[in-house]
Amino acid sequence: DKSTLYTVVTKLTSEEGLTALESGCYVSGLYLEGAAWDTAGCTLRAQDPKVLVVELPIMQVIPIEASKLKLHNTFRTPVYVTQARRNAMGVGLVFEADLATTEHSSHWVLQGVSLCLNIDT
């Protein structure tokens, strides 16, 4: 397959101010687990104490040719349907999102960072 998805987290938390995209879409309602999001720097950061899950700002998903995509300082974050990371059938991975980071990706892997569509409240 020659195409892939590239993601960018915007600074917007509501639909106000969004412009129509030529290709791709906006996704809202994603929850970040295992890390926090620095809205000023638009990067992953360490979790605040006793805060396990935070809502991510609106994310832009853009289809792109895989050979044209060169990523630096990003962590390929799995996006799951639920916090259990799988359902009874053993599936649950939706796609992988690119989140900006200043840390090495192994740091976030050891923290168990992921994005979820639904959270257990």
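The values are calculated or read from the model by the stated rules, or taken from the named source; none is laboratory data. Treat the numbers as computed from the prediction; the structure is a model and nothing was measured. Glycine also receives a Cβ, built like all others from the backbone with ideal geometry; neighbour counts cover every protein chain displayed. Heads up: the accessible areas ignore ligands, DNA and RNA and are worked out on the full protein's heavy atoms, side chains in. Shrake-Rupley method; radii C 1.70, N 1.55, O 1.52, S 1.80 Å.
Please determine whether any residue of segment 98-114 is assigned to a loop (DSSP other than H, G, I, E, B), among the aliphatic types (A, V, I, L, M) and in contact (Cβ under 8 Å) with a residue 40 or more places away in the chain.
yes
Here is a list of conditions, (1) in contact with a helix residue (DSSP H, G or I) (Cβ under 9 Å, 6 or more places away or on another chain); (2) open to solvent by less than 80 Å² (accessible area, probe 1.4 Å), and ARG76 meets all of them except one; can you say which number that is?
(2)
Go through segment 42-72 and give me each residue that's of a type in the set (Val, Ile, Thr) and not in a strand (DSSP E or B).
Matches in segment 42-72: VAL51, ILE58.
Give ALA46, ALA40 a once-over and let me know the one that is within 17 Å of THR102 (Cβ to Cβ) and in contact with a strand residue (DSSP E or B) (Cβ under 7 Å, 6 or more places away or on another chain).
On inspection, the qualifying residue turns out to be ALA46.
State the number of residues belonging to segment 5-25 that are within 12 Å of the chain's Cα centre (by Cα), farther than 10 Å from PRO57 by Cβ and either part of a loop (DSSP other than H, G, I, E, B) or not aliphatic (A, V, I, L, M) (or both).
2
Residue pairs, Cβ under 7 Å, 6 or more apart or interchain, first in segment 51-65 and loosely packed, with under 13 Cβ neighbours inside 10 Å, second outside any strand (DSSP E or B) and not small (Gly, Ala, Ser). List them.
Every condition considered, the pairs that remain are GLU65/LYS2.
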